[in-house]
Each structure stands twice: as structure tokens, then as C-alpha cells.
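One structure is given below, encoded as C-alpha cells.
Here, each number is a calculation from the coordinates, and none is a lab measurement. Just so it is clear, the model here is predicted, and its values are computed rather than measured. Every residue, glycine as well, gets a Cβ built from its backbone with ideal geometry; the counts of neighbours run over all protein chains shown.
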Amino acid sequence: MDISRRDFMQIAAALGLVTVANGCATTVPGRNPAAIGAKDLYNFNATGKVTLLHMCDLHAHIKPLYWREPSTLISAPNLVGTPGFLCGESFSKHYGLEPSSLDAYFDTHMDFEALAKKFGKMGGIAHMKTLIDEIKRQRGAENVMFLDSGDTWQGTGVALKTRGEAIVKAQNYLGVDVMVGHWEFTYGKERVQELIGKLDAKFISQNVVGDDPFADEYEELIFEPYTIEERGGAKIGIIGQSFPFTSTANPKEFTQGWSFGLRLETLQEYVNELRKEHKVDCVVVLSHDGFSVDQEVARKVHGIDFILSGHTHDPSPKPITINGTAIVIAGSHGKYIGRLDIDIQDHKVKGYEYKLIPIASNIIPADPAGVKLVNELYAPFDKEFNEVLGQTKGTLYKRDTFHSTFDQLINDAIMDEMTCDISFTPGYRWGTTVLAGDDILMDNVYEMCGITYPNVYTFELQGKRIAQLLEDIADNVFNANPLYQQGGDMSRLGGVTYSITVGAKAGERISKLMIGGKPLDPNKTYIVSSWGGNLQSAGENLQEDKIRAIYDVTRDYIRRKKVVDVSNTGNVTLLDYDCGCPAKGGGC
Amino acid sequence: MKRRSFLRGLGLAAAASTVVVPSMVMAAEAPKGPNAFSIDAAVQAITGGKPVVASPKVHLKAPEIAENGAVVPVTIEVDSPMTEDDYVKAIHVFATKNSNVRCADVMLTPANGKAMLATRVKLGTSQDVMALIETSKGEFLSASQNVKVTIGGCG
């Protein structure tokens with residue numbers, strides 16, 4: 001199977017992009033932006049008649065952005081260094097990336113600042129559309145289907161202010177055919193239904209079921225579980241899998257009366273139904289389970305040809321195959337579109353080709369209609385979003401397992417305003433990157449924390465409860481069984497340092513827990529500020545007069561500081577690994 | 001109702017086994033009352049000390065991660081012909097780490113046709129949910145699954 005890396009090598013060779021340095025011949029595929037054309041990105045070893053295009057976790061980034069991949073991605077010892085838990089050096093080695101190439105820039109954090117200057121911003125719907133149109137031209141529009149694994153409607157100011165509607169318009173413009181959801185649900189279930197009414201695509205999910213015994217929809221499916229589409233003369237069954245842990249990862253009130261979960265038994269039943277009753281030629285699961293969870297799904301559910309995964313934001317240049325099921329995932333923030341060509345013969349999948357195509361906005365030209373649409377959608381908010389709040393000395397980024405600079409900035413802002421002992425902020429994986437020396441715009445603040453439950457709560461928690469909660473969160477992140485993980489990173493903490501042994505038993509991972517430089521006192525009551533989670537429900541004596549939206553708290557702090565200088569020294573000491581991106585077996 | 005049927009079940013188990021162990025347990029822990037049994041004592045009160053075998057015939061369905069610890073849906077189905085000579089007599093549901101480990105006790109007869117129970121249990125913390133099955137042949141079968149109860153909060 002051909003992948004983009006190899007394509008690049010071949011193109012580079014074909015174009016004679018071989019330089020001689022110090023007497024050694026070195027191929028430099030994709031190192032020089034001027035030498036890469038859109039054609040190189042479009043280049044594909046076409047196969048069969050059907051093409052599925054895949055995007056996941058756009059997080060409402062309809063404009064191009066910078067997005068730095070993680071420099072720490074730690075998991076349980078049995079999972080570390082496997083697809084889903086690869087970053088930086090281990091990612092580069094696993095997929096054979098050429099250092100400093102366009103792919104290295106898109107897929108890893110390595111040399112990010114320098115490469116960002118060289119290659120420019122990533123994603124943007126106007127650039128995605130140009131690529132999609134080109135593929136439809138090559139393959140025939142009637143043979144192409146565009147699938148969206150969700151986390152699409154939420155993540156930027158324009159999404160928040162229009163309660164998702166701007167992004168539905170963007171999806172309709174892009175021509176999305178089918179989608180599933182996760183953060184979509186944080187607009188509340190009524191709004192979700194309203195937006196589905198405006199969406200051209202089908203919204204499917206086999207794992208969302210009514211659980212209010214007094215409602216008509218009790219024990220009934222809320223959405224169609226699957227859809228059958230014809231492309232290139234083949235019948236393709238697509239089963240939807242929304243995020244199984246929506247009601248624990250996000251506030252319950254948004255989806256009161258709906259129950260989620262993996263629901264693998266019914267997933268198996270729908271696979272069988274599509275194959276036996278509807279005689280489909282190919283079964284696809286469009287999923288927001290997360291990359292590692294979907295590897296478990298492929299082990300447990302039989303008869304799926306492809307899982308198009310999402311949620312964990314992994315760029316995976318190569319599909320992985322488990323139990324006859326090929327699993328792909330296409331990064332996040334609109335940085336990539338996955339192209340999957342399927343060769344279907346005699347009602348069976350005979351072969352396929354896959355390529356994760358980077359949406360390099362300086363290489364793939366923008367579609368003028370897309371630029372116009374984005375400008376129209378942003379126009380009502382330009383004044384607020386374009387306010388320059390201040391500048392940053394170092395690069396502000398979000399991600400990593402324990403700590404990242406933009407999270408630290410937000411924690412600094414909370415600690416400064418709330419005068420608390422500890423701040424907790426969520427370990428979700430979406431946000432933005434602001435390069436060193438650049439202006440911080442209000443738009444960037446919304447990109448980091450534009451959620452529908454933005455309140456910062458300040459309350460009291462006993463020391464032993466804090467320790468217990470941290471262990472609980474660590475078990476959600478580091479459980480050895482992917483089915484018990486929720487696919488996020490550790491909560492970010494201000495005012496706290498600790499050591500962690502990821503491979504230890506649940507409840508025994510965290511040690512040397514210090515608050516304000518002193519060991520945690522289990523019997524002492526601490527003042528805690530938290531947003532984006534549910535911790536306030538575990539606390540006491542909520543200070544109601546201090547409740548304020550996180551984007552306002554952060555905005556005011558940056559305005560006060562004018563230039564922010566956030567340290568990239570983490571507050572967590574990792575005891576069982578020597579680096580942030582260990583390879584399989586834990587070696588660095 | 002469930003409580004009453006449990007007590008009856010407990011009485012039956014004690015009577016049927018005609019072993020003094022349960023009453024001894026009762027006596028030793030009398031001040032705590034029957035709701036304060038540890039998981040081992042509660043199981044013993046039902047089995048009378050007979051071995052419990054984890055069995056693939058017992059299908060226990062519960063979520064990996066509870067959406068709401070107060071109402072966790074649990075379904076138990078047992079492969080059994082449910083005939084006069086071979087049927088499931090009782091399905092007991094335990095929350096192994098609750099302060100009261102016993103959740104439900106359901107007595108069945110061949111007339112039920114199917115050995116199946118769907119209910120909701122309250123879980124105080126992450127723990128194993130266990131189904132204990134008593135067959136008409138006097139065997140005790142079981143199945144367990146870990147259910148995580150978490151405050152959640154990461155997206």
C-alpha cells in the first residue's frame with residue numbers, strides 16, 4: 001500500500017530533487033516548500049471505483065491555523081509506542097518520516113517553530129475544498145463520499161457565538177455526507193436536533209439510546225444507526241458510533257435522557273444486519289471512539305471492513321489492520337483529509353489504498369467561494385475576535401499528556417484572579433498554537449476555551465479528596481485497557497507538582513504531591529478553582545461571587561500582562577519513562 | 001420487594017443447605033444486620049460454602065464506564081434450557097464494593113422460560129459487579145465485570 005511518505009520519495013526522485021552535501025547524496029523529499037506543488041499532495045495510486053474522504057476533529061477551525069502535535073504522549077506500558085501513543089521521535093521512526101519535511105512538520109512537534117515559518121498554516125475549509133473538488137474531478141463526484149467523525153461543531157469563537165451554525169454551513173459547503181458526534185452534544189440535545197435540521201449530511205449513531213423511562217424515546221435509538229449509500233456501483237453500509245463517554249466526559253445536563261456507551265453487542269448486530277439482510281458490499285464504521293478504543297472494537301466485533309476513527313487526534317499515515325478490519329484516523333483541526341480508495345469486486349472488498357493528505361495552505365490554493373464564506377461567517381465577530389490582547393514570548397501550544405504552555409497560561413490567569421491554592425483545567429486535546437513573538441488575539445482565547453460551560457468555579461476540597469480525584473483522572477488516562485480510557489490527557493494543574501508512575505496500579509500512581517511547594521496535607525482544606533469539568537460537584541462552599549467565564553478571565557489576564565512569558569517546564573515528574581515520546585517497550 | 005425476596009431467598013438457602021454456616025455468620029455479625037455482609041459472607045450465605053464457578057454460560061452486560069453511578073444498567077442472561085430437570089433457580093446481583101453488597105435476588109422457575117434479568121444498580125465507587133447463579137442441580141455459577149464510576153471531566 002502506498003503512503004504519502006513514499007510518494008514524496010518517488011516524486012522527489014522523479015523531479016531530481018537530490019542535493020549533494022558534503023559529498024553525500026541525500027534525498028530531501030518535501031523539505032523545500034518551493035519544490036512541493038499541490039500536484040504532489042494530490043498524487044495518489046488510485047484503485048477501484050469508490051473513494052471515501054475522511055475528516056475528524058475539525059473543532060470548528062474553518063480558517064487555517066498553526067497546530068503543533070504533542071511532545072509528550074504517555075500511556076500504560078502495554079500501549080506505549082503503539083499507534084495512538086506515538087509522537088515526535090517515536091512517531092517519526094515508526095512511520096519513516098524525513099526530518100524537517102512537510103510531513104514531519106504536520107505530524108510531529110519537532111523543529112516546529114522553524115518549519116511553521118517555512119511551510120505556513122494548516123487546514124482551512126477553503127483549502128480543503130480545493131482538494132476535495134480535485135479528487136471528485138479525478139474520480140467522478142458520484143463515486144466519492146465524504147465522512148466526518150465528529151467534534152466538528154465546537155472549538156472556536158465563531159462556533160460558540162453561532163451555537164454551531166457557522167460550522168454546519170461550512171460542512172454543507174464542503175459536502176459532508178455523513179457524520180457522528182461528541183462535542184456537538186455540548187450545545188444541548190435540542191440544539192443538536194435543530195442543527196441536524198440545517199445539516200445536509202446524515203447524522204447517524206448506533207450507540208445513543210433514550211434512557212428516560214417516562215419519555216417516548218425510552219430504549220429507542222435517537223438517531224438512525226446506519227445508512228446505506230451507493231458509490232461506484234457498490235452498496236456501502238456506514239454505521240455511526242458517537243463518543244461513548246459523552247455523558248461522563250462532558251456535563252450530563254446537555255444530554256439528559258440520552259444514554260451513550262460503546263454498545264458493542266448492538267454494533268455487531270448492525271454489522272450482521274447490513275451484511276445478511278441488506279447485502280452490502282462493504283461495512284464502514286464511522287467512529288468517535290478514539291484510535292486505541294477502535295483497535296479494541298476491531299478485536300471484538302467481526303465483519304467490519306473499515307473503521308474511520310476520530311477523537312484522539314492522531315495523524316496516522318498508515319492504516320492499521322486488526323482482525324481483517326483496517327482502521328484509519330485523520331489527525332485534527334482540519335490539518336488533513338484521509339483519502340481511502342476501495343476496490344470492490346463481487347460484493348467484496350478486494351483491496352484499498354490510503355493516504356493522509358496534509359492540507360498545507362501555502363501549497364493547496366484556496367477556493368474563493370470558501371474564503372468568501374469564512375469571511376461572511378466571521379464578519380459579525382471580527383471586532384471582538386481580532387482584538388490584540390498581548391504578545392507571547394514563547395510558543396503557546398495545547399496538548400501533551402501533563403502540561404503545555406497555553407494551559408499553563410490559562411492556569412496562571414486563574415491563579416492570579418481567583419487567589420486559589422490549586423487550579424484544575426481540562427485535558428482535552430483541541431485548541432490552537434500561537435508562535436513565539438506573535439500577537440495573542442481574542443480569537444485565540446476562544447480557540448483554547450470556547451465551550452458552552454465556561455464557568456470557573458472556586459470552592460473548597462479536602463487534601464485527601466484532591467489526591468483521590470487525581471488518581472481517578474490518572475486511571476481514566478492511563479488504564480491499561482483502552483475500553484476504560486476516555487481518550488483525553490491529564491487535567492492541567494496550577495499550584496501543584498507531583499511525580500507519577502504511569503504503570504503503577506490504579507490508586508497508586510501519584511507520589512510527592514506538593515501544593516504551593518509543601519507536601520499535600522490530607523486533612524487540610526484547600527481552595528480550588530476549576531473549569532471545564534465536574535469537580536465543583538465534589539467540593540464545598542462554592543464562592544458564587546467569583547464565578548466567571550474562563551475566556552473572560554484569560555482575556556483580562558493577557559491584557560494586564562501585555563507580554564506573556566510562560567515557562568515550558570512541566571509540573572509533573574514522570575518516573576517510569578525517560579522521555580515524552582517513548583517507543584514500544586518504553587525506550588527513548 | 002426485592003429486599004423481602006432476598007430475605008426469603010436467604011432463608012431458603014439456609015434451609016435447603018441445612019448447614020449452620022449462614023446462621024453462624026448471622027450470629028457473629030448480628031448487630032450489623034444482614035445488609036452489612038461482606039461480599040464473601042453474602043455469597044456464603046447463599047451458597048452455604050459450595051464452590052462458585054465462573055462460567056461462560058452466564059452473560060453479564062454492564063457498561064465499562066458508568067454514565068451515572070446511581071443507576072447503572074445491568075443485564076444478566078444465563079444459557080439454560082429452563083426445563084423441569086435443568087433450570088436456573090435464582091439470579092443474585094452483587095456490587096462487590098458497596099457498603100451493602102447485595103443488589104437484587106430473583107427466584108425463577110421453569111415457567112419463566114428464559115433465565116434473564118435486567119435491572120439497575122447503584123454503585124458507590126468503581127468496582128466489580130457480580131452475578132451469582134443457582135441452578136436446579138445445585139451448582140453455583142458466576143460472572144463479573146468491572147464498572148468504572150468516575151467524576152469524569154476530561155473531554
What 222 nm value per residue comes from the helices of the protein assembly as shown, counting each DSSP H run with n ≥ 4 as -39,500 (n - 2.57) and dividing by all residues, nearest 500 deg cm²/dmol?
-> -8000 deg cm²/dmol
Under a 5 Å amide H to amide H cut-off, with H placed in plane at 1.01 Å, what residues pair with B:D128 once short-range neighbours are removed?
-> B:T96, B:K97, B:V147
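Could you work out the local net charge near A:F291, counting Lys and Arg as +1, Asp and Glu as -1, over the other residues with Cβ closer than 12 Å to its Cβ?
Numbers: positive: A:R429; negative: A:D57, A:D289, A:D294, A:E296, A:D314.
Taking every Cβ under 12 Å from that of A:F291, the sum is -4.
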In the structure shown, of A:K39/A:K129; A:K276/A:K318; A:K335/A:K561, the pairs separated by more than 22 angstrom at the C-alpha atoms are A:K276/A:K318; A:K335/A:K561
Calculate the length of the line joining the C-alpha centroid of the stretch B:60-77 to that of the stretch A:355-423, in whole Å.
-> 39 Å
For the stretch A:396-407, what does the Karplus curve 6.51 cos²θ - 1.76 cosθ + 1.60, with θ = phi - 60°, yield as ³J(HN,Hα) per residue in whole Hz, taken in order and with x for Gly and Pro?
-> 9, 9, 10, 2, 6, 5, 10, 7, 8, 5, 5, 4
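Can you sort A:W258, A:W67 from fewest to most other Cβ atoms within 10 Å of each residue's own Cβ?
Numbers: A:W258 24, A:W67 27.
Least to most surrounded, the residues fall as A:W258, A:W67.
Viscosity 1.002 mPa s, temperature 20 °C: give me the Stokes-Einstein translational D for chain A in µm²/s, with Rh taken as the Kirkwood radius over C-alpha pairs.
88 µm²/s
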³J(HN,Hα) computed for each position of the stretch B:40-48 - Karplus, 6.51 cos²θ - 1.76 cosθ + 1.60, integer Hz, glycine/proline x | 4, 5, 5, 5, 5, 4, 8, 7, x
Near the amide H of A:R231, under 5 Å away, which other amide H atoms are found, from residues 5 or more places off or on another chain, if H is placed in the peptide plane?
-> A:I236
Largest-first ellipsoid semi-axes for the stretch A:48-182, taking √(5λ) over the Cα gyration tensor eigenvalues, angstrom = 28, 19, 17
Kirkwood Rh over alpha-carbon pairs of the stretch A:291-348 plugged into Stokes-Einstein at 10 °C, 1.306 mPa s gives a D in µm²/s of 131 µm²/s
Rounded to whole Å and sorted largest first, what semi-axes of the equivalent ellipsoid does the C-alpha gyration tensor of the stretch A:246-329 yield via the square root of 5 times each eigenvalue?
-> 23, 19, 10
Given backbone amide H placed at 1.01 Å from N, residues whose amide H is under 5 Å from that of A:V456, ignoring those fewer than 5 places away on the same chain, are A:R548, A:A549, A:I550
Under the 7 Å Cα-to-Cβ spin-label approximation, A:Y218 and A:E387 lie apart by a distance in nanometres of 4.9 nm
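Quick one: plug the Kirkwood hydrodynamic radius of the stretch A:386-586 (C-alpha pairs) into Stokes-Einstein at 37 °C, 0.692 mPa s, and report D in µm²/s. Working shown, then result.
Numbers: Rh = 17.4 Å.
After rounding, the answer is 189 µm²/s.
What do you get for Rg/Rh over the stretch A:116-189 if you use C-alpha atoms and the Kirkwood form of Rh? Could you put the intermediate results ahead of the total?
Values: Rg = 14.2 Å, Rh = 13.8 Å.
Using only Cα positions, Rg/Rh for the stretch A:116-189 is 1.03.
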What's the center-to-center distance, using Cα atoms, between the stretch A:72-142 and the stretch A:43-65 in Å?
-> 13 Å
Can you give me the Cα centroid spacing of the stretch B:103-133 and the stretch A:192-210 in angstrom?
-> 34 Å
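Arranged from highest to lowest average of other beta-carbon atoms within 10 Å per residue, in what order do the peptides A:223-230, A:327-334 appear?
Details: A:223-230: 18.1, A:327-334: 28.1.
Highest mean packing first, the order is A:327-334, A:223-230.
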For the stretch A:294-432, how big is Rg over Rh, using alpha carbon atoms and the Kirkwood form of Rh?
-> 1.09
From the backbone phi of the stretch B:124-137, what are the Karplus-calculated ³J(HN,Hα) couplings (6.51 cos²θ - 1.76 cosθ + 1.60, θ = phi - 60°) in whole Hz, Gly and Pro given as x?
-> x, 7, 4, 5, 7, 9, 10, 10, 10, 10, 10, 9, 5, 8
In debye to the nearest 20, how big a dipole does the protein assembly as shown give about its Cα centre with +1 on each Lys and Arg Cβ and -1 on each Asp and Glu Cβ?
-> 660 debye
